[in-house]
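Here is the structure we will look at, set down as structure tokens.
The values are calculated or read from the model by the stated rules, or taken from the named source; none is laboratory data. Because the structure is a prediction, the values reported are computed rather than measured. Ideal geometry is used to build each Cβ from the backbone, glycine not excepted, and the neighbour counts take in all protein chains shown.
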Amino acid sequence: MTIRFPAATAVALLSLGLPALADTGAVMIVANEDYATLRDARGARGMVQLESTFAAQGFDVDIATDLSTNALRSALSALGATLREGEDERVVIVFAGYTVSSDRAVWLMGTESQTPDFASVEGYGVRLETVLALAGQLQGGAVVALADYGFPDDTGSGFRGGLPPVIDVPQGVTLVRGQPAAVAAFLRDLAEPGTSVGLAAQGSTLTLEGFNPPYLTFLPEDHVGAAPVDRTAEDRQAWQAAVDADRLDGYEAYLAAFPQGLYAEQARSARQRLMNTPDRIEAGLALTRDERRAIQRDLTILGYDPRGIDGIFGSGTRTAIRGWQGANNFPATSYLNRDQIFELAHQGARRAAQLEEEARARAAEQEREDRRFWRDTGSGQDEVGMRAYLERFPDGIFAQVAQDRLAQIEADRRAAAQARDRAAWDQAAQADTEQSYAIYLQNYPQGAFADQARGRIEELRRPGRPNVDFAAAEAEENLMALPQFTRVIIEQRLARLELDPGPQDGVFDQQTRRAIRRYQRRADLPVTGFLTQPIVARLLTGGVIDILR
């Protein structure tokens, strides 16, 4: 079988002409660390270091790193053909990487995997039962080892990240699973002649299922491994290939092939240097989707736009992080470490509390002005006064009262208007110009709509208000696609601020829109009645502060 390494070093290492080994058995090690769209399964590729352990005992070892689902199927198919056609008495299949499971099956995930559903999961992973059936061709000499990394994101409905509590294992097959370090230690012990499966797992945290004979050793005590070969020249060539590439996977490939090689210490130092880059330090924090959303909310509150609060760190978030780091005398790497995350959260909470206090003070002043203006315009007893009130405070404390009374006045006026008066008014209102209302007043100076006409003429003569693009504001809110539970939290927050959003059911009706406009006025923001990303961040953060009080 063929030994495979990552692309950067595969050609260099494979061209060295590894010696043929004794026919002890077959080993396939699949290490999926570099996933295309998911967070890397850090350390999975370290499992390839087991190659030298098994090769020293004469096993024919196949190493495959970062396989897609189709590539994993092809590798398993090739192994199956080898087992059917060969004379191997033992087989060891090792998988290190992400797994998901449901109530019916377990999948080993390829490197192109995304969050699965029942329609896509077969395209993202290979079923564990397929691997177990393949191993079952050598009953009594088959071991399947899973270094389980779970799954880095929330799985779809009906799935869970990682392996289930119990797995049905075919007869004559041993399944061992657990943390990568424990699995690697088990396999090293198992490769020692005279060691049984149970003895290799003794004292570990591993879960052992299936075939576990107490007195049958995996390799007999008198087993003789492969004769040692002088690989100094190969060692030097492999090291030079790793240095030329100067990549993490290159150094790991060298260590996998030569764990005690001439340059092993240098390779480990180089690997450590590359692992301590800002992006890898952040990746090592294993931030959850919710933790990433919290970071994006803090950036938004502090005035650094991440272009979305979705838990995905794209170019917008990286630019926002870089801007915040520069303003706070941190190296502008666009990647965060633990101390920076704590500082960002502290600043975000402090700024949120400051904005909340400013909003409270602004709300109190607006309420005093609202009540004073209502009183000065007649407390709802005069149509002109009510219209003046609604013009100044369209979502004010008494807005609903004024609108109801004006609606009743309009209804009474319509009932009393004569047909020609009504037609003339409708014609003037349709044109909605000073001239059309002046013609109406000339013909009906005492008409049922005379006061409305005069009021509208006065409005048309005032300096124009700034135009608000309500369609664009609505489109911006729709683009956020807020889930219903988030809308309910926003309505609860508006109610807590005494802005009267109506029923807290996640449906943004006219009453909710009025509450949003009231909030926007308090916060000295453009008044549209529609939400923006900064407003959502402030409302959600304020809700968290209220809960903690």
**Asked** Which ones in the stretch 222-242 are modelled with pLDDT of 85 or more and either loosely packed, with under 15 Cβ neighbours inside 10 Å or of a type in the set (S, T, N, Q) (or both)?
**Response** ASP222, THR232, ALA233, ARG236, GLN237, GLN240
**Prompt:** Can you pull out the residues in the stretch 320-341 that are surrounded by 16 or more Cβ atoms within 10 Å (Cβ to Cβ) and part of a helix (DSSP H, G or I)?
**Reply:** ALA320, ILE321, ARG322, GLY323, TRP324, GLN325, GLN340, ILE341
**Fill in**
So, first residue over 10 Å from ALA448 (Cα atoms) and assigned to a helix (DSSP H, G or I) in the stretch 407-433, second residue polar (S, T, N, Q) and at pLDDT 90 or above, Cβ within less than 7 Å, six or more apart or across chains; the pairs are ALA424/ASN443
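Identify, please: which residue in the stretch 83-97 is in contact with a strand residue (DSSP E or B) (Cβ under 8 Å, 6 or more places away or on another chain) and in a loop (DSSP other than H, G, I, E, B) and is, among those, surrounded by the fewest Cβ atoms within 10 Å (Cβ to Cβ)?
Initial filter on the stretch 83-97 (in contact with a strand residue (DSSP E or B) (Cβ under 8 Å, 6 or more places away or on another chain)): 83, 86, 88, 90-97.
Narrowing further to those that are in a loop (DSSP other than H, G, I, E, B): 86, 88, 90.
Working: GLY86: 15, ASP88: 18, ARG90: 18.
It comes out as GLY86.
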**Prompt:** Which ones in the stretch 24-82 are in contact (Cβ under 8 Å) with a residue 60 or more places away in the chain, surrounded by fewer than 22 Cβ atoms within 10 Å (Cβ to Cβ), farther than 21 Å from ALA226 by Cα and among the charged types (D, E, K, R)?
**Reply:** ASP34, ARG39, ASP40, ARG42
**Message:** List the residue pairs whose Cβ atoms are under 7 Å apart, where the first residue sits in the stretch 461-490 and is small (Gly, Ala, Ser) and surrounded by 11 or more Cβ atoms within 10 Å (Cβ to Cβ), the second is modelled with pLDDT under 90 and not in a helix (DSSP H, G or I), and the two are 6 or more positions apart or on different chains.
**Reply:** ALA473/THR528
**Asked** What number of residues in the stretch 232-249 are free of Cβ contacts under 8 Å to residues at least 60 places away in the same chain and in a loop (DSSP other than H, G, I, E, B)?
**Response** 1
**Message:** Looking only at the stretch 181-205, filter to residues that are surrounded by fewer than 20 Cβ atoms within 10 Å (Cβ to Cβ) and over 21 Å from THR24 (Cα atoms); which one of those is nearest to the chain's Cα centre (by Cα)?
**Reply:** ALA181
**Where a residue in the stretch 103-129 is over 23 Å from VAL169 (Cβ atoms) and charged (D, E, K, R) and its partner, wherever it lies, is at pLDDT below 90 and crowded, with 16+ Cβ neighbours inside 10 Å, with Cβ under 6 Å and at least six apart** = ASP117/GLY156
**Item:** The lone exception for ASN478 - which of (1) among the polar types (S, T, N, Q); (2) part of a helix (DSSP H, G or I); (3) modelled with pLDDT under 90 it fails
**Value:** (3)
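Has the stretch 161-168 got at least one residue that is aliphatic (A, V, I, L, M) and not in a loop (DSSP other than H, G, I, E, B)?
Restricting attention to the stretch 161-168, the residues satisfying the condition of being aliphatic (A, V, I, L, M) are 163, 166-167.
Checking which are not in a loop (DSSP other than H, G, I, E, B) leaves us with none.
The answer is no, given that none of the residues of the stretch 161-168 is aliphatic (A, V, I, L, M) and not in a loop (DSSP other than H, G, I, E, B).
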**Complete:** Being touching a residue at least 60 places away in the same chain (Cβ under 8 Å) and either within 38 Å of the chain's Cα centre (by Cα) or on the phi > 0 side of the Ramachandran plot (or both) narrows ALA264, ALA253 down to just ALA253
**Request:** Identify the single condition in (1) assigned to a loop (DSSP other than H, G, I, E, B); (2) buried (at least 21 other Cβ atoms within 10 Å of the Cβ); (3) among the acidic types (Asp, Glu) that ASP305 does not satisfy, given that it satisfies every other one.
**Result:** (2)
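Tell me which residues, restricted to the stretch 361-383, are part of a helix (DSSP H, G or I) and loosely packed, with under 14 Cβ neighbours inside 10 Å.
Filtering the stretch 361-383 down to residues part of a helix (DSSP H, G or I) leaves 361-376, 383.
ALA361, ALA364, GLU365, ARG368, GLU369, ARG372, ARG375, ASP376, listed by residue number.
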**Item:** Within the stretch 33-62, considering residues that are among the charged types (D, E, K, R) and in a strand (DSSP E or B), the one farthest from ALA191 (Cα to Cα)
**Value:** ASP62
**Message:** If I go through the stretch 489-529 residue by residue, how many of them are in contact with a Leu (Cβ under 7 Å, 6 or more places away or on another chain) and farther than 14 Å from ILE397 by Cα?
**Reply:** 3
**Asked** Going through the stretch 503-531 one residue at a time, which ones are outside any helix (DSSP H, G or I), surrounded by 18 or more Cβ atoms within 10 Å (Cβ to Cβ) and not aliphatic (A, V, I, L, M)?
**Response** PHE508, THR528, GLY529, PHE530
**Some residue of the stretch 342-360 being outside the structural domain of ILE301 (by TED's automatic domain parsing), of a type in the set (Phe, Trp, Tyr) and either closer than 30 Å to ARG493 by Cβ or in a helix (DSSP H, G or I) (or both)** = no
